[in-house]
């Protein structure tokens, strides 16, 4: 069920929050063979559900998330509940405060069921976590869930909760959303606070929602967007109405389709599904425009240099390779090879790309392409076949999403079809800074249209 | 007699890391040839006024 569907049942009195939470906890206990959760907070969830039901009985409605079960990537600080970051380094870390967004969700009435498994330290795209178990894809457990917010996508795809929180530094919301067939939204940098979230790379980290539908993401954004003075990157730009319904038509919308970067090395079935979705946008009234993007291969290199340097600074105390997994340790070591000059040069290129994208947004409103060039790779694979080439799974998974973190634009991944092997395919839509609500409305309209066609 | 060589042997893991970084760095510096000196790094150090900052009141205090 989606947030909207659960909310409708709650408002009609056909169920209550306690029932929803109990059912979700039962499903997790009986069906979680995917290593989804690191910590399930059943007692506090049931206690909060009782409180939400009492409020509802007293005529208090906190909004669309009132009494709705959600779950949190185990990177968000939770007061009194350990926050491992998927790492042995933080296996006993119990924060004394909640992350800003966790507070906001609670204020909105959401009930957290616990902390979700992830790629170790949120530093990777596979969620093959050597300490808390490999996350398995509910569509095919021999496949990866994607990462780093793997548990956040699996919890939705497995039907445990309708929405979760994740983080995205180089695609970590959008990749698992694509591989697991759910919606995932990376907001504009600064739109959602990073306060109380374990950092990976300060200038690239984004907090955002994943949901069964794009609408679920929008409803989550309505509660988590806003200004947090404790986060120096947090924007005071007024928060738009994320709950506004999508338009019936998309007349006047200009959709940029960059052939060179997004489609040059992509699985043919993935490319076809994405082109069909772009055709649907056109049928809804949008104008499709061929665009040439700035050199996103270079943007990706800049993102990697910045992420390497910042992540190695974040984890400067990590010096014992026996406490860090074999995928993450080399990345931390590689970051230590980045010079100050390299970092500054990448940051200058970041300014250059900012200026280039500002020009792009004068030509189009949205850029469309695949989220990932392939569907979820097999767990045992180190490399994946992309057309005629073999490509490292991590680099292939991040290739089309990583550049967006450099510039900070909002980006949505939503399901747009199914591969002949039964695995979901993700469409990525990118928009101008602080066009978050508009982008989500476009996604919702497309989602409904594709649903009507089925 | 066994002779132990004390010749330094490179660590394959360190070599792999260096190769990986050098590949990405090469892409960065090739693209960076387009940069002109006025393009500053994207991180900007912005100060906000302290309560004791310059104000119109200063002249009245004299």
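When A:324, A:379 are ordered from fewest to most other Cβ atoms inside 10 Å of their Cβ, what list results?
A:379, A:324
As a footprinting exposure proxy, order A:210, A:395 by other Cβ within 10 Å, with the fewest listed first.
Ordered by Cβ neighbours within 10 Å, fewest first: A:395, A:210.
Taking a ≥ b ≥ c as the square roots of the eigenvalues of the Cα gyration tensor of region A:230-289, is the shape rounded (a/c under 1.5), prolate (a/b larger than b/c) or oblate?
Oblate shape, in that a/c is at least 1.5 and b/c is the bigger or equal ratio.
Can you give me the Cα centroid spacing of region A:218-280 and region A:26-98 in angstrom?
27
Can you compute the modelled spin-label distance between residue B:26 and residue A:381, with each label point 7 Å from Cα toward Cβ, in nm?
Label at residue B:26, label at residue A:381, 2.7 nm between them.
At 0.36 nm per residue, minus the direct Cα-Cα distance, what do residue A:15 and residue A:336 gain on full extension? Give it in nm, one decimal, please.
Length difference between fully extended and current span is 110.2 nm.
Suppose R0 equals 25 Å. What FRET efficiency, 1/(1 + (r/R0)^6) with r the Cβ-Cβ distance, do residue A:140 and residue A:283 give to the nearest 0.05?
Using R0 = 25 Å, I get an efficiency of 0.20.
Please list log₁₀ I(q)/I(0) at q = 0.08, 0.16 Å⁻¹ for region A:254-453, using the Debye equation with identical point scatterers on the alpha-carbon positions.
Result of the Debye calculation: -0.31, -1.10.
Which value does Rg/Rh take for region A:197-259 over its C-alpha atoms, Rh per Kirkwood?
1.04
Relative contact order of region A:1-79, please, whole-number percent, based on alpha carbon pairs below 8 angstrom and at least 6 residues apart.
46
In whole percent, what relative contact order does chain A give with Cα contacts below 8 Å and a gap of six or more residues?
Worked out over chain A, it gives 17 percent.
Taking each pair of different alpha-carbon atoms in region A:3-224 once, compute 1/r for the pair, average those values, and report the inverse of that mean as the Kirkwood hydrodynamic radius in Å to one decimal.
About 16.7 Å for region A:3-224.
I need the shape label for region A:297-356. Rule: rounded when a/c is under 1.5, else prolate if a/b > b/c, else oblate, with a, b, c from the alpha carbon gyration tensor.
Prolate shape, in that a/c is at least 1.5 and a/b is the bigger ratio.
Distances longer than 39 Å among the Cα atoms of the protein assembly as shown: what percent of all pairs is that?
23
Sort A:359, A:128, A:186 by Cβ crowding within 10 Å, fewest neighbours at the top.
So the ranking, lowest neighbour count to highest, is A:359, A:128, A:186.
Taken together, the values in this text are just the output of simple stated rules run on the coordinates, not laboratory data. Source: prediction; values computed, not measured. Cβ: placed from backbone, ideal geometry, glycine included. Neighbour counts: every protein chain shown.
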